[in-house]
Amino acid sequence: MKTTDILIVAAVGAIAFCSCKVTNDPVEKKVESVLKTMSLEEKAGQMVQINLDMVYDQYTQTVITDKLDYFVGEKKIGSFLNVPGGHCPDPAEMTKFISALQQKSMETMGIPTIYGLDMIHGSSYYADATIFPQEVNIAATFNPEFAAAMGKSIGYETRAGMVPWTFSPVMDLSRNAAWPRNWESYGEDPLLQSVMASTETRAIQGEDRNNIDQFHCAVSIKHYLGYGAPATGKDRTPAYIDYPTLREKYFAPFKACIEAGALSLMVNSASINGIPMHANYELLTKWLKEELDWDGMIVTDWADINNLYTREYIAKDKKDAIRIGINAGIDMIMEPYDADATDLICELVREGKIKKSRIDDAVRRILRLKVRLGLFDAPVWDAQQYTEYGCREFADASYRAAVESEVLLKNENKVLPLNRNSRILVTGPNANTMRALNGGWTYSWQGSDNLEYGERFNTILEALQKEFTNVTYIPAISYDEAYGQWQNEFVSSFEPAVAAARNSDVIVVCLGENTYCETPGNIDDINISENQTALVKALSSTGKPIVTILNEGRPRVVREIERLSSAVVDIMLPGNYGADALADLLSGDENFSGKLPFTYPKYPNSIHTYDYKVSENQTTMEGAYNYDAKMDVQWEFGHGLSYSNFEYSDLTVNRTCFKTDDTLEFCVKVRNTSGRSGKESVLLYSSDMVASRVPDVRRLRAFEKVSLEPGEEAVVKLRIPASELAFVGTDCKWTLEEGDFRISAGNQAITIHCNKTKIWEGPNRQ
């Protein structure tokens, strides 16, 4: 037996106030020298972003000269986004038309344009770039190394197409399981989101945020704030979140990324508590720019400024909407279809409805971003230098991330791993599709181009056929591939699949969802489809063991399917190498180590998160305070099995009585008691025993993933500042109250005591 010491420091944000400015004198001198030469019209143009298709002919793959003259030459537009026709170009095509945009912009104003793309899980809008598992999978690894690897890949490969700005990472706390963008984020917990997103931010941007080199990009963290908790579960619909919770949980990942140097931010398309985020001066200007002392730039989402008058009805027309948004703190308007916003901005300034100082502040922030990216000195660069584009290093990292992200939820009677010579029936709608493995934001917005660009990678069926010797395939259910009908299912007779199952040793049924992104992914029923449930019921009549593979972007209710399954694996959206990873896991060549970064619901009307308020569980009203109380869920946050067994013991702390400025160091022993090597994510939780505001049942405070050989034991040290145990009270102030806290890891728990109350002002706990 070998003993290893491992130390991890939990960091959600600085305890003391820390300026988030990352400026230096040369940057500011350049910004001011450019700003003082600009006309009002030029400033207004810098504040507007246009869709590439407005100046680009996708059939000839050339820029339309007269359109370019109008948008850049006349309207002084300072930013463009998107890919031609919404489909997947190669970097050479991107460099061709971006070079034309830069040439015109520099000739017209001497100011470079800034181009942005949604690179969500790798440089996912480029042909032959490296596609990683989606962020929800990266979260399931509980290993920040993969967030760093993905960020490095995004920065490098996105720059290869002459794009220096990416609308990523996504850090919306996914607090409603029905929400169609769950898979884009790092799950439901603020600490996990903070660690993963800030790690990705640093990897994309590099070490020097004032001088971003040509192998890194600027990030636009999104979507600020509360986007992932719509009351209805529908995309772009209102959320109702009390301000203490908003500040304590939803704000935390954004604060962490800004402190990590994030240079821009995109705004939530919807509203919170009846105030559209694009009109929320309190949250955009006071919380971000003033209280964090942040000098970055705020951009809207797609045409969202218009929603203030077309959907939210707080503005009478577009001009009024622009007035409200810019005065609230918006710096750049993503107005993809026309340039009339530039004229309206000028009118509002001349009428005194927007101060010149606010315009100058917005333009400073935009110019500052361009200076930091080196665009004034090098608006174009050598596209031939990216020799590592699509390299083996990035591909290997993507595969490893897939292996560590796929979660073994159930393994009854150790049906897994499978014998290589087993007779295996593979069935279900997700068995032979690449697009379902990748999800949206992959080669195209809705992921519909996976067939063309992902053909060289393996579907689940293809990977299993390579790994096992006797595989039969009968789909029984397939998805409709007609545009916009992707969630519709075609059902054939189940009898051929049932007959094949009778002659098989094991059934691998691949279920879940087809691709979707944003509003097209809205659903009215979180249950998995009736067709898929019926298929599993029919297969279960054979008495053969069923291994259910869940390939989905959000947790669809599978209560009936689970009880009929001997094993369940949730692979979520594991990317181009996800099927290879699954085959290696099912065969036992690899070992499971993923854990759920969200709570998996058991019933459609019982959706909640792991950190629910103690009073939500009615059993706690009957007697003792049950700190490990569980709602009736299918699987808990942090659940995940392995082929290895891990035993926890001896949880200790350096001080059982502490003050607010102390640092707490917890140690717990973790031992691999099985006969094979494995990895275990050690999750440390706190429970506030009594508080002046109803406490959460528990909160994740630190985590660390350890690798242990058979019989090996590690002493895992998890260090957190005592101030991280504070909460935001009804007065919106951080407070750490005197009293007891219960700390747990695995099956171990201890009680510690805070002996002094402290209240901090503002979100930084000054």
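Every number here is computed from the coordinates shown, using simple stated rules; none is lab data. Quick caveat, the model's predicted, so the values are computed rather than measured. Cβ atoms come from the backbone with ideal geometry, glycine included; neighbour counts cover every protein chain shown.
Length gained on full extension, E28 to D662, computed as 0.36 nm times the residue gap minus the Cα-Cα distance: 224.4 nm. Footprinting exposure proxy ranking of M196, M119, M162, fewest other C-beta atoms within 10 angstrom first, gives M162, M119, M196. With R₀ fixed at 51 Å, the C-beta to C-beta distance from D361 to E636 puts the FRET efficiency at about 0.65. Look at (1) -0.77; (2) -0.65; (3) -0.50: the one that is log10 I(q)/I(0) by the Debye sum over Cα atoms at q = 0.07 Å⁻¹ derived from this structure is (3). With contacts taken as Cα pairs under 8 Å and at least 6 residues apart, the chain reaches a relative contact order of 15 percent. Note on M171, M38, M106, M297: ascending count of other Cβ atoms within 10 Å places them as M106, M38, M297, M171, the fewest first. Sorting K355, K544 from the fewest to the most surrounding beta carbons within 10 angstrom yields K355, K544. Per residue, the Cα convex hull of the range 38-385 amounts to 121 Å³. Of all DSSP bridge pairs formed entirely within the chain, close to 55 percent run antiparallel.
Among residues other than K319 with Cβ under 14 Å from its Cβ, the summed charge is -3 (Lys and Arg +1, Asp and Glu -1). Counting charges near C517 (Lys, Arg +1; Asp, Glu -1) among other residues having Cβ under 10 Å from its Cβ returns a value of -3. Rounded to the nearest whole Hz, the Karplus-based 3J(HN,Hα) values (6.51 cos²θ - 1.76 cosθ + 1.60, θ = phi - 60°) of the range 665-682 follow the sequence 10, 9, 10, 9, 8, 10, 10, 7, 9, 9, x, 9, 5, x, 10, 9, 8, 8, with x at glycine and proline.
Amide H to amide H under 5 Å from I241: which residues, 5+ apart in sequence or cross-chain, H placed 1.01 Å off N in plane? Here the answer is N273, since their amide H atoms fall under 5 Å of that of I241. Straight-line reach from K659: taking Cα to Cα under 22 Å and skipping same-chain neighbours fewer than 8 places apart, the lysines in range are K717, K733, K756, K758. Using a simple spin-label model with pseudo-atoms 7 Å out from Cα toward Cβ, N654 and T310 lie 5.6 nm apart.
For the residue pairs K43/K222; K289/K318; K613/K705; K316/K613; K29/K222; K96/K249, alpha carbon separations beyond 32 Å are given by K316/K613; K96/K249. The chymotrypsin sites (Phe, Trp or Tyr not before Pro) found in the range 434-514 that occupy coil by DSSP, while having at most 12 further C-beta atoms within 10 Å, are Y483. The separation of the range 684-717 from the range 277-343, counted between C-alpha centres, amounts to 40 Å. Helical content alone sets the calculated 222 nm signal of the chain at -7500 deg cm²/dmol, taking -39,500 (n - 2.57) per DSSP H segment of four or more residues and averaging over every residue. Applying 1/(1 + (r/R0)^6) with r as the Cβ-Cβ distance of I759 and N421 and R0 = 56 angstrom yields a FRET efficiency of 0.25. Counting only DSSP beta bridges with both residues in the range 38-385, the antiparallel share comes to about 20 percent. Report the residues of the range 245-279 in range of a label on T730: point 7 Å along Cα→C-beta, backbone N strictly under 20 Å from it. Only 245-249, 273 pass the distance filter.
If you take the Cα centroid of the range 231-245 and the Cα centroid of the range 45-109, the two points sit 36 Å apart. Return the FRET efficiency for the residue pair D396, E351: r is the Cβ-Cβ distance, R0 is 41 Å, and the value is rounded to the nearest 0.05. Using R0 = 41 Å, I get an efficiency of 0.10. Screening the chain for whole DSSP H helices of 20 Å or more along their axis (Cα) with average Kyte-Doolittle hydropathy at least -1.0 returns 91-109, 144-159, 190-205, 356-372.
Could you work out the local net charge near H223, counting Lys and Arg as +1, Asp and Glu as -1, over the other residues with Cβ closer than 9 Å to its Cβ? Residues near H223 contribute 0 overall.
Counting only residues at least eight positions apart within a chain, or on another chain, the aspartates and glutamates with an alpha carbon under 13 Å from that of K67 are D53, D57, D338. Available extension along the chain between D740 and D377 is 124.9 nm, counting 0.36 nm per residue and deducting the alpha carbon span.
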